[in-house]
Amino acid sequence: MVKKKAENNETIKMSIIGQYLKDLSFESPNAPDIFQNKSAPNVDVNINIVINKSGSAKNIYESSLKVKATLTQEEKTSFIVEVDYAALVEIVSDNEDAIKAVLVKEVPKILFPYVRQIISSTSVQGGFPPLNIAPVNFEEFK
């Protein structure tokens, strides 16, 4: 159990019950021709955070980090990798805003290194160099 201070100095108790891969997709629509393309790649990364209350269980939430990375070369798609990685979290607090802040900012900070590794490993498995996406400041998410 981790204790976090909310913006109003309220202590929030948070515990990760488990984390898991919900979905993983990889496609290389222009293979094998794309492997002969030596032009500089362009990477586009989109990140979404989805939070849900878990059924009827009190104080249990799911925070899901969805990342889609698309690598293109000369306007042709080299590959697309999509990862949906989540955590089941117990949060003890009556402050809904504080709960949302933990689920949108703190939990993704924990999940992001795993998502980053999955994307890197998957790009290598697809025959490409590892795609190491840049760190993200989740404090900017609302």
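The values are calculated or read from the model by the stated rules, or taken from the named source; none is laboratory data. Values in this document were obtained by computation on a predicted structure and should not be read as measured data. Cβ placement follows ideal geometry from the backbone for every residue including glycine, while neighbour counts extend to all protein chains displayed.
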| message | It is to be established whether one or more residues within region 69-78 are exposed (fewer than 15 other Cβ atoms within 10 Å of the Cβ), basic (Lys, Arg) and not in a strand (DSSP E or B). | response | no
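Conditions tested, residue by residue: (1) among the aliphatic types (A, V, I, L, M); (2) at pLDDT below 95; (3) under 16 Å from Asn46 (Cα atoms).
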| site | (1), (2), (3) |
| --- | --- |
| Leu88 | yes, no, no |
| Ser93 | no, yes, no |
| Val102 | yes, yes, no |
| Pro130 | no, no, no |
| Segments classed as strands (runs of 3 or more DSSP E), wholly inside region 1-61, with at least 2 members that are over 18 Å from the mean Cα position of the chain (by Cα) and either surrounded by 14 or more Cβ atoms within 10 Å (Cβ to Cβ) or at pLDDT 95 or above (or both) | 11-27
| request: Would you please name the residue that is farthest from Ala57 (Cα to Cα), looking only at residues in region 98-133 that are exposed (fewer than 14 other Cβ atoms within 10 Å of the Cβ) and touching a residue at least 24 places away in the same chain (Cβ under 8 Å)? | output: Gly127
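To keep it simple, each residue is scored yes or no on (1) of a type outside the set (Ser, Thr, Tyr); (2) touching a Pro at 6+ places or on another chain (Cβ under 9 Å).
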residue	(1), (2)
Glu62	yes, no
Leu65	yes, yes
Thr72	no, yes
Ser93	no, no
Asp97	yes, no
Val104	yes, no
Val107	yes, no
Phe112	yes, yes
Val136	yes, yes
